[in-house]
Amino acid sequence: MDVVIIKYNAGNIESVRNALARLGVDACITGDHARIRAADRVIFPGVGEAATTMAYLKREGLDLLLPRLTQPVLGICLGLQLMCSYSEEGDTPCLGIFDERVQRFRPAPDREHADKVPHIGWNNIARLRSPLFDGMADDGYVYFVHSYYAATGEHTAAVTDYIVPFSAALHRDNFYATQFHPEKSGTVGAKILSNFLKL
Amino acid sequence: MLAKRIIPCLDIKDGQTVKGINFVNIKSVGDPVELGALYAEQGADELVFLDITATHEGRKTFVELVKRIARELNIPFTVGGGISELRDADALLCAGADKISINSSAVRNPNLIDEMAQHFGSQFVVTAIDAKNYDGVWTVTVNGGRIPTDRELFSWAKEAENRGAGEILFTSMDHDGTKNGFANVELARMTGMLKIPVIASGGAGSMQHFRDVFTLGNADAGLAASIFHYREISIPDLKTYLRNNGITVR
């Protein structure tokens, strides 16, 4: 299977490739439009800041390419956020693949020392509603590292409750995205990546 | 619900795992990749690899080691030790590290925290603080706890947060290696002041100590080395114990 990981200006994208290698898939990291269009699966990872990364995608013409892809696409972390309509981080209009909007976690004033931001660590996902989660029960633990989140909406495919219930995963047509890092989420994460490869 | 994290820490010298008792008398306890994979399988939530090698050759070995760790492990890991410039951090992130931890270099050049946070994002920057109580004043130390500085623990932790640290890894040098429990009083004070997660380190000797660090110290994560390396506590047993004590764990 030809799996492409979209090349970014920054970030730890090797870990996605490593996770796929553990599943027996040798993925290619590239920003080449023809290679991306021809791939069986496209992974849009993400690490970094929204405005800077959107600017990079625009420079590379990836902002036009990505929403037009027809094969299964998986956004991860910032990838999910950039696939939404808008991010509060840097007041950034995003790709608009999902209608949901991205905002910063705001703990109540008396909860600031309890509800920490970033949301770092293992939390459970529930209300699973996507073939990404085939064969999985609610409340499995996955690994999150983020300060911004997508609100819940019609494309929400999994919900996690941290300060507010938010979209831990989104799904629309051939587009899938997870706020958590499946590549770092132990055996649960490996199952999700394997489901993505089987779509 | 967000789970409390259990983090085994592996000290690395020339590519091998070591654990110092109070940071001296170092003794080798195994291959880092093998040990890391074993911990991941047993339910460790994260791993920390601290490079205590000082030489240039040793640093290159460490970057190669980080690549191997990243290939094998399916849980997040932090690397630290000897990171004093953006390009050190960049090399480690490119090798596959999920977070980097800075300690003495941040004390000497606090601006490094701002630079790292701006460049990589706060989530990737753990500020490690080794502190010791000198006549009632919790004092930040550098060089593995050997040299006291003129900084006070709590104000430095707050400053690190303000400069963009994503997490604080606090090691009490008074508790480290004693196996008498974590510095829960200081941890409770620190977690009550900060808005970022705090990883507690130093003093773990029993499963009760982990319960206490979460209930009394309000820590977000508990880190330990020798009790895991010498198999005095198994991670699955520890998780069961904590769960039975009403603490959310994975």
Next item on the list: Using a cut-off of under 14 Å, list every residue of the stretch A:66-87 whose amide N is near the label point 7 Å from the Cα of A:Ala51 along the Cα-to-beta-carbon line.
Entry: A:87
Next item on the list: Taking the Cβ of B:Glu64 as the centre, find all other residues whose Cβ is under 15 Å away and add up their charges (Lys, Arg: +1; Asp, Glu: -1).
Entry: -1
Item checked: Selection from B:His56, A:Tyr143, B:Ile83, by position along the positive dipole direction of the protein assembly as shown (Cβ) -> A:Tyr143
Note to self: What's the whole-number percent of alpha carbon pairs in the stretch A:1-115 lying beyond 17 angstrom?
What the structure shows: 56 percent
Checklist line | Pair A:Arg101, A:Arg59: separation of 7 Å Cα→Cβ label points (nm) | finding: 2.9 nm
Next item on the list: Find out how many positive minus negative residues lie around A:Gly135, taking Lys and Arg as positive, Asp and Glu as negative, among other residues whose Cβ is under 12 Å from that of A:Gly135.
Entry: +1
Next item on the list: Could you tell me what percent of the DSSP beta bridges with both partners in the stretch B:5-244 are antiparallel, to the nearest 5?
Entry: 35 percent
Next item on the list: Let me have the 222 nm mean residue ellipticity of chain A computed from DSSP H runs of 4+ only, each contributing -39500 (n - 2.57), with the sum over all residues rounded to the nearest 500.
Entry: -6500 deg cm²/dmol
Notebook entry, point to check: Based on DSSP H runs of at least 4 residues, each adding -39500 (n - 2.57), what is the mean residue ellipticity at 222 nm of chain B after dividing by all its residues, to the nearest 500 deg cm²/dmol?
Noted result: -11000 deg cm²/dmol
Item checked: Debye log10 I(q)/I(0) at q = 0.06, 0.09, 0.11 Å⁻¹ for the protein assembly as shown, Cα point scatterers -> -0.23, -0.54, -0.82
Checklist line | DSSP-defined beta bridges in the protein assembly as shown - what % are antiparallel, rounded to 5 | finding: 45 percent
Check: What's the average, rounded to a whole number, of partner chain beta-carbon atoms within 10 Å of each residue's beta-carbon in B:140-153?
Finding: 0
Check: What is the local net charge at B:Val137, summed over the other residues whose Cβ is closer than 14 Å to its Cβ (Lys, Arg +1; Asp, Glu -1)?
Finding: -2
Item checked: For A:Ile29, residues with placed amide H under 5 Å, excluding near neighbours -> A:Ile5
Note to self: Under a Cβ-only charge scheme (Lys and Arg +1, Asp and Glu -1), can you give me the dipole magnitude of the protein assembly as shown about the Cα centre, in debye to the nearest 20?
What the structure shows: 500 debye
Next item on the list: Using only C-alpha atoms and all pairs of different ones, pull out the Kirkwood radius for the stretch A:157-199 in Å with one decimal.
Entry: 11.1 Å
Note to self: Cut-off 16 Å, label point 7 angstrom out along Cα-to-Cβ of A:Asp134: give me the residues of the stretch A:1-42 whose amide nitrogen falls inside.
What the structure shows: A:41
Notebook entry, point to check: Which whole number gives the average count of other chain Cβ atoms within 10 Å of the Cβ atoms across peptide A:178-184?
Noted result: 2
Next item on the list: Scan chain B and hand back the longest stretch that contains none of the GluC sites (Glu not before Pro) lying in DSSP loops with at most 16 other Cβ atoms within 10 Å.
Entry: B:86-231
Notebook entry, point to check: Can you give the Rg and Dmax of chain B based on its C-alpha atoms, in angstrom?
Noted result: 16.5, 47
Next item on the list: Assign one of three labels to the stretch A:3-198, namely rounded, prolate or oblate, based on the Cα gyration tensor with a ≥ b ≥ c the square roots of its eigenvalues; rounded applies when a/c is under 1.5, prolate when it is not and a/b is larger than b/c, and oblate otherwise.
Entry: oblate
Item checked: Projected label distance in nm at B:Asp90 and B:Glu64, using a 7 Å step from Cα toward the beta-carbon -> 2.3 nm
Note to self: Quick check: the distance between the Cα centres of the stretch B:139-184 and the stretch A:1-61, to the nearest angstrom?
What the structure shows: 38 Å
Check: Based on DSSP, what percent of beta bridges with both residues in the stretch A:3-198 are antiparallel, to the nearest 5?
Finding: 60 percent
Note to self: Using the basic label-point model (7 angstrom from Cα toward the beta carbon), what is the A:Ala151 to A:Ala126 distance in nanometres?
What the structure shows: 2.1 nm
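Each reported figure results from applying straightforward, stated rules to the coordinates on display, with no laboratory input. All of these numbers come straight from a predicted model, not from anything done at the bench. For neighbour counting, all protein chains shown are included, and Cβ atoms are generated from backbone atoms with ideal geometry for every residue, glycine included.
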